[in-house]
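> Would you mind keeping the following structure in view while I ask a few things?
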């Protein structure tokens with residue numbers, strides 16, 4: 001399973017969004033379409049840190065890093081290396 005697929009599964013299992021996860025691909029605008037709000041962002045960061053055993057620094061918590069699953073995966077991969 002790719003990092004993008006793992007992140008999508010993690011989000012679908014833990015975030016309460018009323019839309020269809022089937023339409024969410026790696027470039028789907030998560031913030032623009034309100035898939036993730038500010039409270040979800042905090043929860044998502046915690047989930048990512050636990051799932052991927054990494055630490056996301058405060059300076060990395062910017063909208064551009066969370067605008068899509070692809071961008072989140074890029075952040076995760078950068079923290080893994």
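> Of the conditions (1) exposed (fewer than 14 other Cβ atoms within 10 Å of the Cβ); (2) touching a residue at least 24 places away in the same chain (Cβ under 8 Å), residue 18 fails just one. Which one is it?
Among (1) exposed (fewer than 14 other Cβ atoms within 10 Å of the Cβ); (2) touching a residue at least 24 places away in the same chain (Cβ under 8 Å), residue 18 violates only (2).
> Next question, about the same structure. Looking at 48, 30, 10, can you tell me which residue is at pLDDT 95 or above, at negative phi and outside any helix (DSSP H, G or I)?
Only one candidate passes the filter, namely 30.
> Select from the stretch 13-27 the residues that are in contact with a helix residue (DSSP H, G or I) (Cβ under 7 Å, 6 or more places away or on another chain) and part of a loop (DSSP other than H, G, I, E, B) and list them in ascending order.
Those that are in contact with a helix residue (DSSP H, G or I) (Cβ under 7 Å, 6 or more places away or on another chain) and part of a loop (DSSP other than H, G, I, E, B): 15, 24, 26, 27.
> When the stretch 57-79 is examined, which residues are found to be farther than 13 Å from residue 7 by Cβ, touching a helix residue (DSSP H, G or I) at 6+ places or on another chain (Cβ under 7 Å) and in contact (Cβ under 8 Å) with a residue 12 or more places away in the chain?
Residues satisfying the conditions are 60, 61.
> If I go through the stretch 33-45 residue by residue, how many of them are surrounded by fewer than 17 Cβ atoms within 10 Å (Cβ to Cβ), at negative phi and not in a helix (DSSP H, G or I)?
The qualifying residues number 2.
The values are calculated or read from the model by the stated rules, or taken from the named source; none is laboratory data. Just so you know, these numbers come straight off a predicted model, no measurement behind them. No Cβ is skipped: glycine too gets one built from the backbone with ideal geometry, and neighbour counts run over all protein chains shown.
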